[in-house]
Amino acid sequence: MTDTMASAGSTGTVESVDDFAARARDWLAGNMPRIDPDRPPFSVRAEQSSWDRAKELQKRLHEGGFAGICFPREYGGLGLDYAYQRAFNAECRSYEMPLILNVPTFTICAATILDMGTEDQKRDRISAAIRGDEILCQLLSEPSGGSDLAGVITRAELHGDKWIINGAKTWSTSAFAADYGLLLARTNWTVPKHEGLTMFLVPLDSPGITMRRIKEVNGNEEFCEEFFDGLELGVDAVVGEVNKGWEVATRQLHHERRAVGGGSEFASGTAAENASEMPPDHVALAVATGQADDPRVQDLAGRALVRRIVKEQLIDHVFRSITDGSLPPNAGTLIRLFHAETTELEVDTALAIAGTAGVIDEGSEDDPATSELLDVGVRYLSRQTGSLGGGSSEMARNVIGERILGFPRELAADKGVPFNQVKRNKS
C-alpha cells in the first residue's frame, strides 16, 4: 500500500496514510511524554514498575485511537494496513512508548491467538492486551527439553470437563508480569511426538502454579520457571484443536522469529526497549579510547555499520515478500538469523574497540565519553541472547535449508516413533 492509498481509519472515515500520520503527529505531541530518541529512557524487564508504566502508556494509546493498528477492529484494533503502523512508528520515535509489550505480548502471543484462537479468545485476550489491561507470555521450553520443543513432557489429562496439568516450564520471558500464558502440553503419549500436543491459554493467577525467577550471569532476572501441580483448566482453554498443538506452536514460532528480527506488523514502535538493544556507538568508543584515527578501528566500525543498514533492508524485503507470496511464511527465519548474527558482530566489535577498558568499571554514567565503556563488558555477557530466542541459530539454519531452500530433512531417530517409546534421559 502506498502513501496515497486509503483505508478506513479509527474514526470510521476514509483516511490516507499521510493523513493518519499527521493526525498521529498532533496527538503524540499533546499526549505522550517526549524523549531524546538518541538517549531514551530504558525499561528494565525484571522490574514490575516497568510493566506498570507500559500498561499506563498502552492505555493512553488506546484512548487516543492508536493502539493495535494492524489488529482487526472486531478484536479491539484498527484493522489497518502495515503502512499505517510504519507511519505511526516513524512519528512516535521521539516519544516514550510501551515497547516491552511488543515481545511477546503483541507480536507473538496475540498474533498467534489471532491466527489460531477461538472467537472468544480473540475478543477477550487480544482486546484486553490492546487496552493495556493484560500482558501475555509464552510457556514453551522445559528443563529437560533443550531445543527440542516438540519433546515436551508437561502432561495434560482430561478428567470430565477439566484438563489437569502437571509439569514444568522454564526460560519464560517476563512471565512474572503476565496475566495469561500460552502453554504447550502433551495430551497423547501413544503417537509420535508432534502429534500428541495441545496448546492451552492459561490464567497465571490460577491455583496450582508456582513461579520462580531465574538469575542470569549478568544479574538480570527477567526469565522465570513455572511448576504446575494439579492445575485445572476448562475445555475452553484449548487453543486450536486437541492433539494438534504443534500446528499452533509452529505458527507461534513463525511469529517469534519475525518478532525477534524486527519484522512484525504488530509491533508498535521500533526503538530499542532497553540498553542492550541499542546499537553500540562504535565511534564514541573509538574516541573514548583514543583510536578515532586508527584505520583498523575505522574498518571494524564501518563493517558493523554496513551490517546494521543491510539488516533494515532485509526486514523490509522479507516482510514484503511474505506478504506478496514470493517467499513462504518461514522466511521470517531469515530475519531472525541475520538479527542474531548482527547483534553478535556489533557487540564483538564494541569489545574489540574498547579492549580492556570494556571490562573495567571506571568512569561516570553521566559522561557520554565513558558511559559506553561501562556497558560493553556487561553486554558481552548476554551477546548470545539473540541466537537462542525463537530457537537456536542452528535450528534457524535448518528451517532455512529445509523449508525455504528445499534441502532434505536431516535424520531424526524418533521420527514416527510413539512418544512413550522414545528413549530419553531419566531425571
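If you sort the three axes of the alpha carbon gyration tensor as a ≥ b ≥ c, you get a/c of 1.5 or more for the range 137-243 and a/b no higher than b/c, which makes it oblate. Farthest toward the positive end of the dipole of the chain, out of Leu140, Pro418, Cys70, is the Cα of Pro418, where the dipole comes from beta carbon charges about the Cα centre. Here the relative contact order of the range 278-404, from alpha carbon pairs under 8 Å that lie six or more residues apart, stands at 32 percent. Given R0 = 25 Å, the distance between the Cβ atoms of Asn243 and Met211 translates into a calculated FRET efficiency of 0.35. Per-residue 3J(HN,Hα) values for the range 316-327, derived from phi via the Karplus relation 6.51 cos²θ - 1.76 cosθ + 1.60 with θ = phi - 60°, read 5, 5, 5, 4, 5, 5, 5, 5, 8, x, 6, 10 Hz in sequence order (x marks Gly and Pro). For Leu204, which sequence-distant residues (separation of 5 or more, or a different chain) have an amide H within less than 5 Å of its own amide H, given hydrogens modelled in the peptide plane? Long-range HN contacts for Leu204: Tyr180, Gly181. Rounded to the nearest 5, the antiparallel percentage of DSSP beta bridges internal to the chain is 85%. Is the C-alpha gyration tensor of the range 208-331 telling us rounded, prolate or oblate? Criteria: a/c under 1.5 is rounded; beyond that, a/b larger than b/c is prolate, otherwise oblate. Verdict is oblate for the range 208-331. Of Tyr380, Tyr75, the order by accessible heavy-atom surface (1.4 Å probe, DNA, RNA and ligands excluded), from most exposed downward, is Tyr380, Tyr75. From the alpha carbon centroid of the range 272-309 to that of the range 143-161 is 44 Å.
Other residues within the sphere of radius under 11 Å centred on the Cβ of Pro143, judged by their own Cβ, net out at -2 (K and R +1, D and E -1). Averaging Cα coordinates gives a centre for the range 26-52 and one for the range 99-133; these two points are 21 Å apart. When the C-alpha to C-alpha distance is required to be over 25 Å, the pairs from Lys169/Lys423; Lys193/Lys215; Lys122/Lys162; Lys122/Lys311 that qualify are Lys193/Lys215; Lys122/Lys311. Using the Cβ-Cβ distance between Asp19 and His159 with R0 set to 51 Å, the FRET efficiency from 1/(1 + (r/R0)^6) comes to roughly 0.35.
Remark: spin-label model distance Asp294-Ser326 equals 4.2 nm, labels positioned 7 Å along the Cα→Cβ axis. Using 0.36 nm per residue and subtracting the Cα-Cα separation, the extra length available between Ala90 and Asp229 on full extension is 45.4 nm. At full extension, Tyr82 and Ile35 could sit 14.4 nm farther apart than now, given 0.36 nm per residue minus the alpha carbon distance. When peptides 34-43, 79-88 are sorted by average Cβ neighbour count within 10 Å, with the highest value leading, the order is 79-88, 34-43. In percent, rounded to a whole number, the relative contact order of the range 2-127 is 28, using alpha-carbon pairs under 8 Å and six or more apart. Remark on the range 240-291: ratio of C-alpha radius of gyration to 2.2 N^0.38 Å is 1.90. Using Cα-Cα distances under 8 Å and only pairs 6 or more residues apart, what relative contact order does the chain have, in percent? Relative CO of the chain lands at 14 percent.
For Asp148 and Ile404, the difference between the fully extended length at 0.36 nm per residue and the C-alpha to C-alpha distance is 90.1 nm. As a rough guide to protection, the peptides 18-31, 114-127 ranked by mean Cβ packing within 10 Å, highest first, stand as 114-127, 18-31. Rounded to whole Å, the principal axis extents of the Cα atoms in the chain read 70, 55, 43, largest first.
The values are calculated or read from the model by the stated rules, or taken from the named source; none is laboratory data. Predicted, not measured: the structure shown is a model, and the values here were computed from it. Cβ atoms come from the backbone with ideal geometry, glycine included; neighbour counts cover every protein chain shown. Heads up: the accessible areas ignore ligands, DNA and RNA and are worked out on the full protein's heavy atoms, side chains in. Shrake-Rupley method; radii C 1.70, N 1.55, O 1.52, S 1.80 Å.
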